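Presented below is the structure to which this report refers.
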């Protein structure tokens, strides 16, 4: 089953 | 001091309806350009970004940058006290620890004001790079809401696949498999009913239904929704707020393990 990613893997914290 | 007056108050009511299932609290960042909000849901899987430009208000004054932390459940309760045709004004002093909402009936015979405490929220902000998406799909918002609602019965994930033929939404689970294919509409008499696809390269991504369902709460805001996709990056679901801004939802994809 596909695993949910976290947004922080794509966008950096400012 | 800060003061923003919106004659079409129901837009603000609808924005809160679009946020309250996903976020419990968030900060409204006010500047002379307008009001912005950016917050992730508690699981950090999705993010909402709201922009309300100053020129969309019929009166907008922001003497100093102001960040107002609010409990959105409370803010939603207050905005529910406004009638759909009320004029809504948001007011706050600089360094204030509360905000006032004023609701005026169109004939000015009834004026209500509600004061709410502000919160100190030091939430993380994410940097979202300008992206040239592989596929941008525009479709009727109600259509998208219906597709997600129907396919959510089949599984907890929806696969969105965009090719030059059109866009396909699929879901599979215990009861079976569902596929919905939307072709690009040739010509429609009403722009709002069109399905248009701008595709640079085919893209297929998998997303959790429960977030997509929460995003479609913004269907009340706009007749159309725009889906922007690129391989291995979050989906962007955008609803316009009149001609003064937008609500943008970002959702991280699910990756095959």
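The values are calculated or read from the model by the stated rules, or taken from the named source; none is laboratory data. Computed from a predicted model, the values in this text were never measured in an experiment. No Cβ is skipped: glycine too gets one built from the backbone with ideal geometry, and neighbour counts run over all protein chains shown.
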Subject >> From B:47, B:16, B:23, residue being assigned to a loop (DSSP other than H, G, I, E, B) and either modelled with pLDDT of 95 or more or under 25 Å from residue B:87 (Cα atoms) (or both) >> reply: B:23
Original post:
Can you name the residue in the stretch B:50-83 that is farther than 19 Å from residue B:8 by Cα and assigned to a strand (DSSP E or B) and is also farthest from the chain's Cα centre (by Cα) among such residues?
Top reply: B:62
Subject >> Residue, nearest to the other protein chains (Cβ to nearest Cβ), within the stretch B:30-44, restricted to residues that are buried (at least 17 other Cβ atoms within 10 Å of the Cβ) and assigned to a strand (DSSP E or B) >> reply: B:40
Original post:
Hey, does the stretch B:105-117 have a residue that's without any contact (Cβ under 8 Å) to a residue 12 or more places away in the chain, surrounded by 12 or more Cβ atoms within 10 Å (Cβ to Cβ) and in a strand (DSSP E or B)?
Top reply: yes
Original post:
Quick check, is residue B:215 outside any helix (DSSP H, G or I) and modelled with pLDDT of 95 or more?
Top reply: no
Original post:
So, of the residues in the stretch B:177-194 that are surrounded by 13 or more Cβ atoms within 10 Å (Cβ to Cβ) and at pLDDT below 95, which turns out to be nearest to residue B:146 (Cα to Cα)?
Top reply: B:193
Subject >> Every residue from the stretch B:238-257 that is within 14 Å of chain A (Cβ to nearest Cβ) and either assigned to a loop (DSSP other than H, G, I, E, B) or touching a helix residue (DSSP H, G or I) at 6+ places or on another chain (Cβ under 6 Å) (or both) >> reply: B:249, B:251, B:252, B:253, B:256, B:257
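State which residue is farthest from the chain's Cα centre (by Cα) when the search covers only the stretch B:216-234 and only residues that are within 14 Å of another protein chain (Cβ to nearest Cβ) and surrounded by 23 or more Cβ atoms within 10 Å (Cβ to Cβ).
B:229
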Original post:
Among the numbered criteria (1) within 12 Å of chain A (Cβ to nearest Cβ); (2) out of contact with any strand residue (DSSP E or B) (no Cβ under 7 Å at 6 or more places or on another chain); (3) under 30 Å from residue B:57 (Cβ atoms), which single criterion is violated by residue B:173?
Top reply: (3)
Original post:
Within the set of pairs 6+ apart or on separate chains, which have a first residue in chain A that is within 18 Å of residue B:122 (Cβ to Cβ) and more than 7 Å from chain B (Cβ to nearest Cβ), a second that is at pLDDT below 95 and part of a strand (DSSP E or B), and C-beta atoms under 8 Å apart?
Top reply: none
**OP:** Those residues that are assigned to a strand (DSSP E or B) and within 25 Å of residue B:72 (Cβ to Cβ), I need them from the stretch B:119-145; list them, please.
**Re:** B:119, B:126, B:127
Original post:
Of the numbered conditions (1) surrounded by 14 or more Cβ atoms within 10 Å (Cβ to Cβ); (2) modelled with pLDDT under 95; (3) under 22 Å from the mean Cα position of the chain (by Cα), residue B:159 satisfies every one except a single condition; which is it?
Top reply: (2)
